[in-house]
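Asker: My questions will all concern the structure given below.
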Amino acid sequence: MHQIIDTHAHLDEIENLESVIKQAKDAGVIAIIAVGQDAASNAKTLEIAALYPGFVYPALGYHPWNIKEAEIEANLEYIKANIVKAVGIGEVGLDYHKRVRAVADKDLQIRVLRELLQIAKDNDKPALLHTRYAWRDAFDLVKEAGLAKAVFHWYTGTSSVLRDIIDSGYYISITPAVEYHEEHRRAVKETPLEQLLLETDSPVTYARGRDGEFKSTPADVVRSLKGAAVLKGLSEEEMAAMTTENARRLFGVEI
């Protein structure tokens, strides 16, 4: 059993959390970065982190799926007021799927992300980024903000943007989709070990509509580890040691 860190989980959405946390610890998970999506989600994430000090570390975010014009200021102010309690800004980003753009258009998403990235910059926090169909715009905004630390979570984008991410010293996080999703697998292959993290994005359902479909929990970060180790031609021990050290360094946690 290896010491591993789940760097992206929505613990506020998980039922039977105490049992799920125990399962994660039994699987070798030594820490979880719990991400928020709006003010209510952030508040619950902070409550959960307070229940599991030294194991759950909160990141405060405003997900593009949750953006509503009338609520932007309140969400940003909540993050600013509580940023000292957080190890990162996330989940934040852009999502150009037509269903999301119907609620929050590109210009609105970009405006909000700019403000969130400024909070990250002002407080020297890493940003945890959702970038569906918006890889180039998201990368450009991170660079424009002058962020030193960023994670492009569950990356499935183009190799050209990935090269820029790598050259900038940013990170890619690996989900259990590494077992089957070709674009994600390619990104993991192309990214240096020193810039890889493990995550689950739980409680996301993986392999949806395929054989082996499952609803994830943080214990499934072991699947991210195993799949990535095979792709990179490394032992699980090597993959665990480096990704755990990467997470410690990025989030500034001593575990």
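Asker: Could you count how many residues in the range 216-240 are in a helix (DSSP H, G or I) and among the hydroxyl-bearing types (Ser, Thr, Tyr)?
Answerer: The initial filter retains those residues of the range 216-240 that are in a helix (DSSP H, G or I), namely 218-232, 236-240.
Next cut, among the hydroxyl-bearing types (Ser, Thr, Tyr) only: 224.
So the answer is 1.
Asker: Could I ask something else about it? Only residues that are at positive phi and either under 16 Å from the mean Cα position of the chain (by Cα) or at pLDDT below 95 (or both): list them for the range 216-255, please.
Answerer: Step one: of the range 216-255, the residues at positive phi are 233, 252.
Within the range 216-255, just Gly252 meets the criteria.
Asker: Also, I was wondering about something else. Within the range 233-255, can one find any residue that is within 18 Å of His153 (Cβ to Cβ), of a type in the set (A, V, I, L, M, F, W, C) and surrounded by fewer than 17 Cβ atoms within 10 Å (Cβ to Cβ)?
Answerer: yes
Asker: Could you tell me which of the residues Ile4, Ile21, Ile32 is over 21 Å from Lys125 (Cβ atoms) and within 17 Å of the chain's Cα centre (by Cα)?
Answerer: Values: Ile21 fails: within 17 Å of the chain's Cα centre (by Cα); Ile32 fails: over 21 Å from Lys125 (Cβ atoms).
Going through Ile4, Ile21, Ile32 in turn, just one is over 21 Å from Lys125 (Cβ atoms) and within 17 Å of the chain's Cα centre (by Cα): Ile4.
Asker: Further question on the same structure: Among the candidates Glu69, Glu73, which residue alone is at pLDDT below 95 and over 17 Å from the mean Cα position of the chain (by Cα)? First the steps, then the outcome.
Answerer: Details: Glu73 fails: at pLDDT below 95.
Going through Glu69, Glu73 in turn, the sole match is Glu69.
Asker: Still on this model: Any chance you could count how many residues in the range 31-59 are assigned to a loop (DSSP other than H, G, I, E, B), buried (at least 19 other Cβ atoms within 10 Å of the Cβ) and without any contact (Cβ under 8 Å) to a residue 40 or more places away in the chain? First the steps, then the outcome.
Answerer: Quick first cut of the range 31-59, residues assigned to a loop (DSSP other than H, G, I, E, B) only: 36-38, 52-55.
Still in the list and also buried (at least 19 other Cβ atoms within 10 Å of the Cβ): 36-38.
Adding the requirement that they be without any contact (Cβ under 8 Å) to a residue 40 or more places away in the chain leaves 38.
Total meeting the criteria: 1.
Asker: Which residues, taken from the range 95-150, are charged (D, E, K, R) and either crowded, with 22+ Cβ neighbours inside 10 Å or not in a helix (DSSP H, G or I) (or both)?
Answerer: Going residue by residue through the range 95-150, those that are charged (D, E, K, R) are 95, 98-99, 101, 105-107, 111, 114-115, 121-122, 124-125, 132, 136-137, 140, 143-144, 149.
Matches in the range 95-150: Asp95, Asp105, Asp124, Lys125, Arg132, Lys149.
Asker: Now for a separate question. Output the residues belonging to the range 60-75 that are in contact (Cβ under 8 Å) with a residue 40 or more places away in the chain and farther than 17 Å from Gln118 by Cβ.
Answerer: Of the residues in the range 60-75, the ones in contact (Cβ under 8 Å) with a residue 40 or more places away in the chain are 61-64, 67, 72.
Once the filter is applied, which keeps residues that are in contact (Cβ under 8 Å) with a residue 40 or more places away in the chain and farther than 17 Å from Gln118 by Cβ, the range 60-75 yields only His63.
Asker: Can you tell me which residues in the range 1-21 are within 12 Å of Glu91 (Cβ to Cβ) and either free of Cβ contacts under 8 Å to residues at least 12 places away in the same chain or small (Gly, Ala, Ser) (or both)?
Answerer: Correct list: Ala9 only.
Asker: Let me ask you something else. Determine whether Leu128 is more than 30 Å from Glu254 (Cβ to Cβ) and of a type in the set (A, V, I, L, M). If you could, list the steps in order and put the result at the bottom.
Answerer: Working: more than 30 Å from Glu254 (Cβ to Cβ): no; of a type in the set (A, V, I, L, M): yes.
Answer is no for this residue.
The values are calculated or read from the model by the stated rules, or taken from the named source; none is laboratory data. Keep in mind it's a predicted model, so treat the numbers as computed, not measured. We place every Cβ from the backbone using ideal geometry, glycine too, and count neighbours over all the protein chains shown.
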